[in-house]
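Asks: Mind having a look at this structure? Questions to follow.
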Amino acid sequence: LLSPSNGDPIVSPTQDIAASVGDSWEERDAGQQTPKTLHQVKLWSTTTTKTLTTLKGHTGPVYAIAFSADGKHVATGSADKTARIWDAQTGACLHTLGGFDDSILCVKFSPTSAVLATGAHDKGLKIFNADTGAELHALK
């Protein structure tokens, strides 16, 4: 799980991809990150530190990132009141998960990667089928 407040990247379970909110590590370190780039996630090669792809689509800052257990998918949660599931290799958005009343602060795949749990600022919890994007449960 990522804490954008400290900007630490997270690493996939396969250890070959890292994810971080915003611009490149060099631009972030130089204080050149812009507010709009907080709406995107960069995926990096951990061996070369080169950008593999950029996940674009959120309209608010990204607050949470999680990799699936096999490292094939990335989930993000945002202030735009959506969570998204992405293909980690291509950067394609596979599912946009909506219906939230507040910012998404946490996302977590189940150990089998079949289910995605999301938590919102209003303490709402939703469970989704990670393959189809269908909402399975909503708790408040």
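The values are calculated or read from the model by the stated rules, or taken from the named source; none is laboratory data. Please read all numbers here as calculations on a predicted model, not as lab measurements. FYI the Cβ positions are ideal-geometry reconstructions off the backbone, even for glycines, and counts take in every protein chain you see. Quick note on the areas: whole protein, heavy atoms, side chains included, nothing else; ligands and nucleic acids left out. Shrake-Rupley method; radii C 1.70, N 1.55, O 1.52, S 1.80 Å.
Asks: With respect to the numbered conditions (1) more than 19 Å from ALA19 (Cβ to Cβ); (2) at pLDDT below 95; (3) in a strand (DSSP E or B), which one is the sole condition not fulfilled by ILE127?
Replies: All conditions pass for ILE127, except number (2).
Asks: Of all residues in segment 104-140, how many are open to solvent by less than 40 Å² (accessible area, probe 1.4 Å), under 13 Å from the mean Cα position of the chain (by Cα) and more than 19 Å from LYS72 (Cα to Cα)?
Replies: Counting residues in segment 104-140 that are open to solvent by less than 40 Å² (accessible area, probe 1.4 Å), under 13 Å from the mean Cα position of the chain (by Cα) and more than 19 Å from LYS72 (Cα to Cα) gives 2.
Asks: Restricting attention to segment 85-97, does a residue exist that is free of Cβ contacts under 8 Å to residues at least 40 places away in the same chain, surrounded by 13 or more Cβ atoms within 10 Å (Cβ to Cβ) and touching a Phe, Trp or Tyr at 6+ places or on another chain (Cβ under 6 Å)?
Replies: Yes, segment 85-97 contains a residue that is free of Cβ contacts under 8 Å to residues at least 40 places away in the same chain, surrounded by 13 or more Cβ atoms within 10 Å (Cβ to Cβ) and touching a Phe, Trp or Tyr at 6+ places or on another chain (Cβ under 6 Å).
Asks: Does GLY119 fit the bill of being touching a Phe, Trp or Tyr at 6+ places or on another chain (Cβ under 7 Å) and in a strand (DSSP E or B)?
Replies: Answer is no for this residue.
Asks: Out of THR37, THR54, THR47, which single residue is in a loop (DSSP other than H, G, I, E, B), at pLDDT below 95 and either open to solvent by less than 70 Å² (accessible area, probe 1.4 Å) or on the phi < 0 side of the Ramachandran plot (or both)?
Replies: The match here is THR47.
Asks: ASP101: in contact with a Gly (Cβ under 7 Å, 6 or more places away or on another chain) and open to solvent by 30 Å² or more (accessible area, probe 1.4 Å), yes or no?
Replies: In short, yes.
Asks: Also, quick follow-up: Note down all Cβ pairs under 9 Å where the first residue falls in segment 114-140 and is over 23 Å from PRO61 (Cβ atoms) and polar (S, T, N, Q), the second is assigned to a loop (DSSP other than H, G, I, E, B) and open to solvent by less than 60 Å² (accessible area, probe 1.4 Å), and they're at least six residues apart or on different chains.
Replies: ASN129/ALA114
Asks: Pull up segment 57-76, narrow it to residues that are closer than 15 Å to ILE10 by Cβ and among the polar types (S, T, N, Q), then point me to the one that is surrounded by the fewest Cβ atoms within 10 Å (Cβ to Cβ).
Replies: The extreme case among them is SER68.
Asks: What are the residues in segment 14-23 that are open to solvent by less than 20 Å² (accessible area, probe 1.4 Å) and either modelled with pLDDT of 90 or more or more than 16 Å from the chain's Cα centre (by Cα) (or both), if any?
Replies: Scanning segment 14-23 gives ILE17, ALA18, ALA19.
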